[in-house]
Amino acid sequence: MEATAILRYARISPRKVKIVMDLIRGKDITEAIAIVRNVPKAASPLLEKLLKSAAANASVKEMDGTKLYVAECFVCPGPTLKRIMPRAKGSANRILKRTSHLTVVLREKE
């Protein structure tokens, strides 16, 4: 049995989220939340909220909250917002504002 939480269209680059996700993969839920709270990265508040949501989903499915661990967590790139910044001599540079789809899967330890 597993509990999943998904955050779609988060306005953060997948590359930045992956750094924090690699730290919590395979950890207990309480340890994962503690790690995310203490890591000074932009993705930390998003992942903390996502972990709490997955834990709430697990409680709805009547899973034991003390045995939960982060079985899977991954990030996929979402659509990219394309913007333009004016430059010298009437030219323009393209700015890519990247989005992410974050997924966290919790399972019970045997």
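The values are calculated or read from the model by the stated rules, or taken from the named source; none is laboratory data. This one's a predicted model, so the numbers in the text were calculated from it and none came from an experiment. Neighbour counts run over all protein chains shown; Cβ positions are idealised from the backbone, glycine included.
Brief remarks follow.
- Only one entry of LYS61, LYS89 meets the criterion of being surrounded by fewer than 16 Cβ atoms within 10 Å (Cβ to Cβ), at pLDDT below 95 and not polar (S, T, N, Q), and that entry is LYS61.
- Leading residue by the ranking (surrounded by the fewest Cβ atoms within 10 Å (Cβ to Cβ)) among those in segment 36-48 that are more than 11 Å from ILE24 (Cβ to Cβ) and in contact (Cβ under 8 Å) with a residue 24 or more places away in the chain: ALA42
- In segment 1-85, counting only helices (runs of 4 or more DSSP H) that sit wholly within it, the ones holding 3 or more residues that are among the β-branched types (Val, Ile, Thr) span 14-24, 29-38.
- Taking the criterion of being of a type outside the set (Lys, Arg), touching a strand residue (DSSP E or B) at 6+ places or on another chain (Cβ under 9 Å) and surrounded by 12 or more Cβ atoms within 10 Å (Cβ to Cβ), the residues of segment 5-25 that qualify are ALA5, ILE6, LEU7, ALA10, ILE12, SER13, PRO14, VAL17, MET21, ILE24.
- Selected residue (criterion: nearest to LYS49 (Cα to Cα)) from residues of segment 65-109 that are of a type in the set (Ser, Thr, Tyr) and in contact with a Ser or Thr (Cβ under 9 Å, 6 or more places away or on another chain): THR103
- For segment 95-104, a residue qualifies if it is buried (at least 16 other Cβ atoms within 10 Å of the Cβ) and either in a strand (DSSP E or B) or in contact with a Leu (Cβ under 6 Å, 6 or more places away or on another chain) (or both), and the qualifying residues are SER100, HIS101, LEU102, THR103, VAL104.
- The condition of being in contact with a Lys or Arg (Cβ under 7 Å, 6 or more places away or on another chain) and not hydroxyl-bearing (Ser, Thr, Tyr) holds for ARG94.
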